[in-house]
1. Suppose we keep only residues that are open to solvent by 10 Å² or more (accessible area, probe 1.4 Å) and free of Cβ contacts under 8 Å to residues at least 60 places away in the same chain within the stretch B:95-114. Which one would you say is farthest from the other protein chains (Cβ to nearest Cβ)?
2. I need every pair where a residue in the stretch A:7-18 that is over 14 Å from A:LEU104 (Cβ atoms) has its Cβ under 7 Å from the Cβ of a residue that is not in a helix (DSSP H, G or I), sequence separation at least 6 or different chains.
3. How many residues, within the stretch B:143-165, are more than 11 Å from chain A (Cβ to nearest Cβ) and not small (Gly, Ala, Ser)?
4. Within the stretch A:234-254, which residues are outside any loop (DSSP other than H, G, I, E, B) and open to solvent by 10 Å² or more (accessible area, probe 1.4 Å)?
5. Return the total of residues in the stretch B:1-29 being touching a helix residue (DSSP H, G or I) at 6+ places or on another chain (Cβ under 8 Å) and part of a loop (DSSP other than H, G, I, E, B).
6. Can you report the number of residues in the stretch A:5-55 which are charged (D, E, K, R) and crowded, with 21+ Cβ neighbours inside 10 Å?
7. If you take the residues in the stretch B:219-233 that are in a helix (DSSP H, G or I) and open to solvent by 70 Å² or more (accessible area, probe 1.4 Å), which one is farthest from B:THR261 (Cα to Cα)?
8. Would you check which residues across the stretch A:30-85 are in a loop (DSSP other than H, G, I, E, B), farther than 30 Å from B:ARG216 by Cα and more than 10 Å from every other protein chain (Cβ to nearest Cβ) and list them?
Protein chains: 2
Amino acid sequence: MADEFDFLQWIKDRQRAVPRTSESARMVQLGSGDDLAVLRWPGSELLLAGVDQVLDGVHVDSTIHSPQAIGRKAMNRNLSDCAAMACLPAAALATVALPRGVGLDYAKDLYLGMEEAAEPFDCPIVGGDTASWPGKLLVTVTIFGRSAGIEPITRRAAKAGDFVYVTGPLGGSLLGRHMTFSPRVTLARDLAEQYRPSTMIDLSDGLSRDLGHICRQSQVGAVIDAQVVPIHDDAVRMAKDGRTPLEHALHDGEDYELLLTCSHEIPGLHRVGVVTGDPGVYLRHGENVELLEPQAWEHKL
Amino acid sequence: MADEFDFLQWIKDRQRAVPRTSESARMVQLGSGDDLAVLRWPGSELLLAGVDQVLDGVHVDSTIHSPQAIGRKAMNRNLSDCAAMACLPAAALATVALPRGVGLDYAKDLYLGMEEAAEPFDCPIVGGDTASWPGKLLVTVTIFGRSAGIEPITRRAAKAGDFVYVTGPLGGSLLGRHMTFSPRVTLARDLAEQYRPSTMIDLSDGLSRDLGHICRQSQVGAVIDAQVVPIHDDAVRMAKDGRTPLEHALHDGEDYELLLTCSHEIPGLHRVGVVTGDPGVYLRHGENVELLEPQAWEHKL
């Protein structure tokens, strides 16, 4: 029967087979197989780093989703964080906790999914950790990004008067898009270069909550205009559950579009509101303005 | 009831309270609270990076071990990887998957355990991820190390004729030391500067298996002398289970001492064998030499 060391050997062989010609790959002095990976980081560039996990029963359902789709999502969530900071993905560490007995092919498919998502962004997997346990599947990706000429865009510099934008229609992602979205890395870099947004975040917790993150950290508020929030067809389809399409667009998580504030007009994006000096996130329905409380997700400890 | 955002806010407040005077802390341009942490990496130094997870029921037992002790172990396993490469810990990302309902105090204690372990090594926690789920506890730490003047020591340069050393007595760690060990970071740096070992690894899988990792990656073999393997008192105590103290010293995992090969004599370390040109790890009992097969741990997928 296969064991973890067979899997690690397969990963090492695979990484050796990948041509080391890309810019990111040339930074990798030592990949998987030692205690740590070794990278030669360009000192002129900021190192951005973060980690995001995908838990069976929370972000994915292993009884429905293939291991390859789960691996892709785990990587794409992290690439989406790079988009949110407008940095370039540079390398990743792939970690899996596997339910005992899933077998080597399942583990390989998880890895192939991660690799498939990372490859278009020139983001080699340079290490990680593997263990099996009597628990559920958990996939964790650590991502390294590099500033590559663009100062990272944080959540803390929104100013009263800035416009609020989203990069695509929202809501109903759980019908399928949460597994298949494309991280907005290239768009984020273009926006950063052309318009220098004051803040940016990827929509994972839902518009109402993620805009709250920006407002709190920037010590501002915002008003969203209900009539211009772009509503995805999925939100309309999902509205059979009794909530309106607008409610889905405002509160559903896992859209992975970008939410940004900017003092400039940005053609082609959805302008959904404006930043204000008073704290709190509000929703305007015509004349009527009410506090917009987050409703998405269970986050209890 | 507390939620993940209360925990994240507590982490942010805590990180703001830590004085930013140490060398590592000055590299941190932006810590927890945004999509990614931002570090200014000294371009003259290599970036070492890895990740290690601690799983409830495999590496720890949450019915016995306190959250603080579990947090400490999760961090110390990663600091031990820095020791194995002879680099200096520089920063960490702390990730937890919490069983639903454990509460905010439990989450804080996990974090405090990680922080307590990292603090003596000037290794600030700069980010991470938190989620709760209907699964078991899993703590994942990503570690960043910096070469700081010492070329990393890998597993791939052992030469026939090198001596094999370990830094302390082995075996029986599961009686308690696996939760309380001190990562050998300072010793590793000293050894690297004075003797430049050809390879180094921390003993997590057991001497027989970890020496096998070195031999395979260096394309050499080794012979261990049974009479000089340092046996920990815990291995003697544990030997009531029918295996000899020596077997525990050879095969038990989680000692977190260093195993190294070196062409120089190193006073003060336990010299346990020699590197050979023929592949395979062997054990010498007086005249008798036999293949030493790993016996530690369950690693089935």
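The values are calculated or read from the model by the stated rules, or taken from the named source; none is laboratory data. As the structure is a prediction and not an experimental result, all values here were calculated from the model. When we count neighbours, we look across all protein chains shown, and the Cβ atoms used for this are built from the backbone with ideal geometry, even at glycine. Ligands, DNA and RNA are stripped out before the accessible areas are found, and what is left, the full protein with its side chains, is counted by its heavy atoms. Shrake-Rupley method; radii C 1.70, N 1.55, O 1.52, S 1.80 Å.
1. Once the filter is applied, the top-ranked residue is B:LEU112.
2. Taking only residues 6 or more apart or on different chains, the pairs are A:LYS12/A:SER32; A:LYS12/A:GLY33; A:GLN15/A:GLY31; A:GLN15/A:SER32; A:VAL18/A:PRO124.
3. 6
4. Listed by number, the residues that qualify are A:ASP234, A:VAL236, A:ARG237, A:MET238, A:ALA239, A:LYS240, A:ASP241, A:PRO245, A:LEU246, A:GLU247.
5. 4
6. Of the residues in that region, 3 qualify.
7. Across the stretch B:219-233, the extreme among qualifying residues is B:ASP233.
8. Across the stretch A:30-85, the qualifying residues are A:ASP61, A:SER62, A:THR63, A:ILE64, A:HIS65, A:SER66.
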